[in-house]
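Contents: one structure, followed by commentary.
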Amino acid sequence: GAEVVFSVDCTKLKEHFLPGKREFDRIYFNFPHCGRKAGVVKNRQLLAGFFHSCAEVLAQEGEIHVALCNGQGGTPADQPRREWHNSWQIVAVAAGAGFILSQVHPFKAETVEGYKCTGYRSQDKSFCVEGALNHIFTRSTAPLCFTPMSCKTQLGSQKVSFQVPQVLVDKFNRGFLEVNSSHPVRTIKEKLSAGLSQALPLQNISSCLPLLHQGHPDGVCPSNIFWITLSPGEAPSTEKTFQGLANTVLFSHFGQDTDKNVQEGCPVPQQFYLRPSLLPHAQAIIKKRAFSPGTLQVLSGPVFRKCRITPHSMPVFHEMLIVLAVSRGTENSCIQMLVDNIKTTLNSLHQGFSAIKPSISLQDATSFGTELNDFAAFEGQLGEIQHFLCLGTDSDPSGSCVGVIRTAPDEFKSHELVVVSASLNLDLLAMLLCGISDWRMLWTWDRRFLRQFPEGELRLFQSFSLYPPSYVHDVSFWVPDGEEFDEVAFHTLARRVSGEMVVSIQLRDNFQQPGTGQRSLCYRVTFQSCDRALGCREAAEMQLHFREEMQQHLGVTLR
């Protein structure tokens, strides 16, 4: 009952089918080849034409199956694996047409009744299919369009609006912690809250925490902060702002420049920035004595920090802050109780997928032997840390810092009470517990991510984009005389220009010109997406745009 069509050009599929018959659920191409002694370049061109043609006739949820002989594909699934330049580079070729490799498995000719491989060098001869692989491709989500975004928020007693930094546009108002969310970060937060509530009374106070702070955070490097300019006509008066802040939350003090302006009688510049931590809100609760001893106060929400590009460094993540006031002299036992409770909860979470076995350890800050990750390093800027909370797995026994524990600074202590706070990085916990190797996957718009966590159930994550291609570009430039190069700003610019498609930036060379002393830097920039198709042409365009933006925003001179 099937319709058979002959003489079909695989690079012009839509020409062979009427519009009503173009929504194919599956398209198979077993062992494509240009014929005779065609080299790898011609066969890549054949595949490129085929994939672009498939984009016009494949259903939205459809699949493309391409079988290749062992080694041709150029992926790690090939054993042995050919050198990249000597392969058909099938994943990169498919990415150019908007497809990602979602599955790969052995091609078994014997399972297809009546199948016979033939056509060796355009002859009626069979060819070797031992070790052949079937590659299954699916449509990628479309590239994101980063249109300017304005956000309204409460600042003291007033509502103000501001322009969201472009690098954060796709991460605002995602609602991962909302009641109807099945995102793993919410699941972990709810499970931890439920576990803690069995030990002590618990109160959630996360509903109306302001996104913006004013002034300058003490001890924090300015380059790690997302500074904000309020929309025109939105800036509240200084007097009203101070009154409003005094009634809501204790924000960090102004810096030295502001103090100088006040002494000289100049207007105080209104500096605003996205909150890098929930700690100031906890300090406000402590300062106002708005807590009950023995009751856990839990704050949670997204926080924003500029940072270098690594798989575990996040410019935005969800923080869970636990605050508890206890009798003086019992703070150590209180800390141990919190850690034991977190251990028990996390151990219960992984039981459904035993492939990942977390081990929680509490390490004293004075003898911490593991290199600090960006989360821990930034927390150290916010104030003194007593303990680091580390989560280890089978693949990483030493573990990563996922939380820090503090006791309140002296100015917040009373004679009878000590305030203990624990800050947890929920995103990092979700990555380690679910086996997610790249933080960007937590923020993907591809629905296949959340489908793996139905009704908030935690599972071991299976990537739907296998062996994504990477593209390496180098950039060299002269640094302005007498200026220190801001690497965090450099990485943040790369994030913005590429839409988080840069996966690595490495310093390759630091050269100083003899005689003039002028300094030149060379960086290697690697473009790679974890969840959508990224073709070589798109990556090259990003690199060119990056170079232009570097000159404009960083003041460097390209070489």
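The values are calculated or read from the model by the stated rules, or taken from the named source; none is laboratory data. Everything numeric in this text was worked out from a predicted model, so none of it was measured. We place every Cβ from the backbone using ideal geometry, glycine too, and count neighbours over all the protein chains shown. These area figures cover heavy atoms from the full protein model, side chains too; ligands, DNA and RNA do not enter into them. Shrake-Rupley method; radii C 1.70, N 1.55, O 1.52, S 1.80 Å.
Could you do me a favour and compute the accessible area per residue for the chain, 1.4 Å probe, result in Å²?
Here the residues of the chain average 49 Å² of exposed surface.
Please name which of Val503, Val488, Gln518 has its Cα lying farthest along the dipole of segment 471-558 towards the positive end, using unit charges on Cβ (Lys, Arg +1; Asp, Glu -1) and the Cα centre as origin.
Projecting each Cα onto the dipole axis, the largest value belongs to Val503.
So for the chain, taking the charge dipole from beta-carbon charges (+1 Lys/Arg, -1 Asp/Glu), which of Ala59, Gln154, Leu209 sits furthest toward the positive end?
Ala59
Any idea how far the Cα center of segment 180-214 sits from the one of segment 481-559, in Å?
38
On a 1.4 Å probe surface of the protein chains, which of Trp478, Trp443 comes out largest in accessible area, and what is the full order?
So, going from the largest accessible area down, we get Trp478, Trp443.
Of the beta bridges DSSP finds with both residues in the chain, what % are antiparallel, to the nearest 5?
90
Could you tell me the accessible area of Leu144 in Å² (1.4 Å probe, neighbours in place), rounded to the nearest ten?
Counting only protein heavy atoms, the figure is 80 Å².
I'd like the carbon and sulfur percentage of the solvent accessible area for the chain, probe radius 1.4 Å, heavy atoms only, ligands and nucleic acids excluded.
Looking at the chain in its full context, I get 49 percent from C and S.
About its Cα centre, how strong a charge dipole does segment 479-559 have in debye, to the nearest 20, once Lys and Arg get +1 and Asp and Glu get -1 at the Cβ?
For segment 479-559, the charge dipole is close to 280 debye.
With +1 on the Cβ of every Lys and Arg and -1 on the Cβ of every Asp and Glu, and nothing else charged, how large is the dipole of the chain about its Cα centre, in debye rounded to the nearest 20? All intermediate terms of the calculation are to be shown ahead of the outcome.
Details: 51 positive and 54 negative charges, 243 e Å.
Approximately 1160 debye in magnitude.
Compute, for segment 13-139, the length of the dipole vector about the Cα centre, with Cβ point charges of +1 (Lys, Arg) and -1 (Asp, Glu) only. Units Debye, rounded to 20. Intermediate results must be reported in sequence, preceding the final value.
Values: 15 positive and 12 negative charges, 98 e Å.
Roughly 460 debye, rounded to the nearest 20.
List the trypsin sites (Lys or Arg not before Pro) within segment 54-163 that fall in a DSSP loop (any state other than H, G, I, E or B) and whose Cβ has at most 13 other Cβ atoms within 10 Å.
Those that pass, being in a loop and sparsely packed, are Lys108, Lys116, Lys125.
In whole Å, what are the extents of segment 13-139 along the principal axes defined by its C-alpha atoms, from largest to smallest?
Per principal axis, max minus min of the Cα coordinates gives 40, 33, 26 Å.
Just from its helices, what would the mean residue ellipticity at 222 nm be for the chain, if runs of 4 or more DSSP H residues each count -39500 (n - 2.57) and the sum is divided by every residue, rounded to the nearest 500 deg cm²/dmol? Please report the intermediate quantities before stating the final value.
Working: 12 runs with 135 residues, N = 559.
-7500 deg cm²/dmol, from helical runs alone.
Search the structure for amide H atoms under 5 Å from the amide H of Ser102, placed 1.01 Å from N in the peptide plane, and list their residues when 5 or more places away or on another chain.
Sorted by chain and number, the residues that satisfy this are Ile136, Phe137, Thr138, Leu466.
Taking amide H atoms as placed 1.01 Å from N in the peptide plane, list the residues 5 or more away in sequence, or in a different chain, whose amide H sits under 5 Å from that of Asn30.
Residues meeting the criterion, in which the H sits 1.01 Å from N, are Ala67.
Check every DSSP H run in the chain and write down those whose alpha carbon atoms cover 30 angstrom or more along the long axis and whose mean Kyte-Doolittle hydropathy is 1.6 or greater.
Qualifying helices: none.
Of the options Thr557, Gly39, Val298, report the single residue whose Cα projects farthest towards the positive end of the charge dipole of the chain (beta-carbon charges: Lys, Arg +1; Asp, Glu -1).
Gly39
How about segment 1-40: which chymotrypsin sites (Phe, Trp or Tyr not before Pro) there lie in a loop by DSSP and see at most 16 other Cβ atoms within 10 Å?
On the way: sites: Phe6, Phe17, Phe24, Tyr28, Phe29; in loops: Phe6, Phe17.
Sparse-neighbourhood loop chymotrypsin sites (Phe, Trp or Tyr not before Pro): Phe6, Phe17.
Based on alpha-carbon centroids, what's the gap between segment 1-80 and segment 93-141 in Å, whole number please?
9
So for the chain, averaging the separation of alpha carbon pairs under 8 Å that are six or more residues apart and normalising by length, what relative contact order in percent results?
In percent, rounded to a whole number, it is 13.
Which GluC sites (Glu not before Pro) does segment 104-157 hold that lie in a coil by DSSP with at most 12 other beta carbons within 10 Å?
Glu113, Glu130
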